[in-house]
Amino acid sequence: MLHLFRLQMETTRVMTEAQTVIGLRMIGMAGLVPKAQGETLRRVARTQSAFARAWIDGTQAMLRGGTPVGLAKQSARRTMSDTSGRPGRRPRR
């Protein structure tokens, strides 16, 4: 039962980080903060590739016969490393 609670906490963390990033990106797209030329396109491309890698990791775990909790953890682990792997990153000018 503890592993389900831990998974829920990890999922909540990913969702919170994702919502924060979305809000910051929307502020940048609205022109309220300076951003580099082409930054929006780079962000969209990076997000698409991160979700694709997370899907592949989850699928591989499923094909190896993993548990549902293991599948979710494997997918979330990739997403968390992509979202929290760049703390304090400053926008390019």
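The values are calculated or read from the model by the stated rules, or taken from the named source; none is laboratory data. Worth saying up front: this structure is predicted, and the values here are computed from it rather than measured. Neighbour counts are summed over all protein chains in view; Cβ atoms, including those assigned to glycine, are modelled from backbone coordinates with ideal geometry.
Spot the failing condition for residue 48; the list is (1) touching a residue at least 24 places away in the same chain (Cβ under 8 Å); (2) surrounded by fewer than 11 Cβ atoms within 10 Å (Cβ to Cβ); (3) polar (S, T, N, Q), and only one is missed.
(1)
Please enumerate the residues belonging to region 21-45 that are exposed (fewer than 14 other Cβ atoms within 10 Å of the Cβ) and in contact with a Ser or Thr (Cβ under 9 Å, 6 or more places away or on another chain).
The answer is 29, and nothing else.
Quick test of your reading of the structure: residue 32 fulfils all but one of (1) within 16 Å of the chain's Cα centre (by Cα); (2) modelled with pLDDT of 85 or more. Name the failing condition by number.
Checking residue 32 against (1) within 16 Å of the chain's Cα centre (by Cα); (2) modelled with pLDDT of 85 or more, the one that fails is (1).
For region 1-14, what are the residues that are modelled with pLDDT under 85 and under 10 Å from residue 76 (Cβ atoms)?
7, 10, 11, 14
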